[in-house]
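**Student:** Submitted below is the structure of interest, expressed as structure tokens.
Throughout, read-outs are computed from the coordinates displayed, never taken from laboratory work. Just so you know, these numbers come straight off a predicted model, no measurement behind them. Quick reminder, even Gly has a Cβ in these numbers, built from the backbone with ideal geometry, and neighbours come from all protein chains shown.
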Amino acid sequence: MGVSYRPLWVELAKRDMKKIKFQELTGISSNLLANMGKNEYISMKNLELICRTMNLSPNEVIEFKDE
């Protein structure tokens with residue numbers, strides 16, 4: 001099983017927000033953003049930061065997918 005950040009990318013599109021603006025708003029690193037672009041795992045600390053800053057639930061950020 002893997003992880004996908006598709007729900008987050010869809011939410012950013014709904015908000016008409018570019019990834020660079022998302023990065024600036026949340027304060028995440030460019031490396032973390034790149035890892036998310038490759039559907040790699042992130043820490044719970046970073047997930048919480050994203051959820052709190054963007055006012056989202058974890059289900060609105062990630063989804064699990066079969067590999």
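**Student:** If you wrap a convex hull around the Cα atoms of the chain, how much volume per residue is inside, in Å³?
**Tutor:** Taking the convex hull of the Cα positions in the chain, it is 78 Å³ per residue.
**Student:** Would you check the chain for Lys pairs whose C-alpha atoms are within less than 22 Å, ignoring same-chain pairs closer than 8 in sequence, and give me the count?
**Tutor:** 8
**Student:** Could you work out the relative contact order of the chain? I mean the mean sequence separation of Cα pairs under 8 Å and 6+ apart, divided by the number of residues, in percent.
**Tutor:** That works out to 58 percent.
**Student:** Sort M1, M44 by Cβ crowding within 10 Å, fewest neighbours at the top.
**Tutor:** M1, M44
**Student:** Please state the charge dipole magnitude for the stretch 2-57, taken about the Cα centre, from unit charges on C-beta atoms (+1 on K and R, -1 on D and E), reported in debye and rounded to the nearest 20.
**Tutor:** 100
**Student:** Within the stretch 43-60, whose backbone N sits under 14 Å from a point 7 Å along Cα→Cβ of N31?
**Tutor:** The answer is 43.
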